[in-house]
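Participant: Would you mind keeping the following structure in view while I ask a few things?
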Amino acid sequence: MPPLKAHGMRVEIPAGWDARIFRRAPRPGARTAAVVHAGNFALPPGRGDFGSGAVEIMLDHHVLVVLMEHGPESAGSPLFAQQGPPTSLTAADFDPNGLQRGLPGQGGLQRFFTWEGRPFVLYIVLGNYLRRARLVPIVNAFLSGLTLADLGSSEAQG
């Protein structure tokens, strides 16, 4: 499968994964964020920025990866001081309390960082926290295929 490339992000899609890069239509006076949703399961339509609509249908062996850009004013702020995304997560990085909305059995994490001057949050949900040792290598393999693309790209896929 060819990589997805839109909004200055590029994602290699592993076999069996579903992914989208999108930016929601802005409301008057509001900015919108570029968002990546990727999962090793079929993503439902109509998902919230942090995966609501998808996390409710996850099974034990599923992972959901969300990468969301924040406004440029956040770049380099203390919350976004980490430079670059995490590339090697461990099972210890995940916590049942690391979710936007706790669902029984799931675990997650959030990491804030600045990447080539752009502020992001990485949010990951594991379908089963107890299986995290098996699921985290799947997440790490996905993260290795995530890059920032040429910002001049106007392709919008997904």
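Participant: Antiparallel as a % of all DSSP beta bridges within the chain, to the nearest 5?
Facilitator: Of the beta bridges lying entirely in the chain, close to 95 percent run antiparallel.
Participant: Could you order the peptides 136-143, 83-90 from most to least packed, using the average number of other C-beta atoms within 10 Å per residue?
Facilitator: 136-143, 83-90
Participant: Would you please give the residues with an amide H less than 5 Å from that of Ala54, counting only those at least 5 places away or on a separate chain, with H modeled from the backbone geometry?
Facilitator: So Ala54 has HN proximity to Gly48.
Participant: May I pose another question? Excluding Leu64 itself, calculate the net charge of residues whose Cβ lies under 15 Å from the Cβ of Leu64, where each Lys or Arg counts +1 and each Asp or Glu counts -1.
Facilitator: Its environment carries a net charge of +2.
Participant: Something else about it: Roughly how far apart, in whole Å, are the Cα centres of the range 82-113 and the range 37-60?
Facilitator: For the range 82-113 versus the range 37-60, the Cα centre distance is 16 Å.
Participant: What residues qualify as long-range amide H neighbours of His61, i.e. H under 5 Å apart, gap of 5 or more or another chain, H built at 1.01 Å from N?
Facilitator: Sorted by chain and number, the residues that satisfy this come to none at all.
Participant: Would you mind calculating the relative contact order of the chain from Cα pairs under 8 angstrom and at least 6 residues apart, reporting the percent as a whole number?
Facilitator: About 30 percent, as a whole number.
Participant: Where nothing but the Cβ of Lys and Arg (+1) and of Asp and Glu (-1) is charged, how large is the charge dipole of the chain around its Cα centre, in debye to the nearest 20?
Facilitator: 200
Participant: Still on this structure, please answer the following. Where does each of 63-76, 114-127 land if you order them by average Cβ count within 10 Å, highest first?
Facilitator: In decreasing order of mean packing, 63-76, 114-127 become 114-127, 63-76.
Computed from the coordinates by the stated procedures, all read-outs in this text should not be read as laboratory data. Owing to the predicted nature of the structure, the values given are computational and were not obtained by experimental measurement. All Cβ positions, glycine included, derive from the backbone under ideal geometry; neighbour counts span all protein chains shown.
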